[in-house]
Every structure is written in structure tokens, then in C-alpha cells.
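Readers should treat all values here as calculations from the given coordinates under stated rules, not as data from a laboratory. Note that the coordinates shown come from a computational prediction; the quantities given were computed from them, not determined experimentally.
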Amino acid sequence: MPTQSEVDNVFDTSLRDVQPYLYKITYQITDTLGASVSTTMRRLIKDTLAL
């Protein structure tokens with residue numbers, strides 16, 4: 001994080017009414033891929049132990 005004296009060099013401070021960090025951008029991978037992987041692993045282990 002810049003110091004107070006470096007803020008003008010790092011951020012655009014020409015817009016006085018804009019507040020920083022009002023938005024949170026998130027991304028989440030759907031859990032369907034994780035479920036299919038865990039199901040596949042469970043079947044693999046089950047079939048291996050059944051031998």
C-alpha cells in the first residue's frame with residue numbers, strides 16, 4: 001500500500017466523490033466438478049478394495 005505522500009502517484013485522485021474498495025469481485029468455481037472427482041475417486045477405491 002502506498003504511503004500518504006505517494007497516493008497521487010498510484011491512484012487517480014481527480015474524482016473526489018469516488019470511494020475506493022466499494023466493490024468486491026469474487027469468482028467461484030462450481031462444485032459439480034469437485035463432486036464428480038470425489039465420486040470417481042470413491043468408485044476407484046471401492047473397486048480396488050473389492051478385488
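Given 0.36 nm per residue, what is the gain on full extension from D12 to T26 after removing their alpha carbon distance, in nm?
In short, 2.7 nm is gained.
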### Task
Please give the length that would be gained between S36 and T3 if that part of the chain were fully extended, namely 0.36 nm times their separation in residues minus their C-alpha to C-alpha distance (nm, one decimal).
7.1 nm
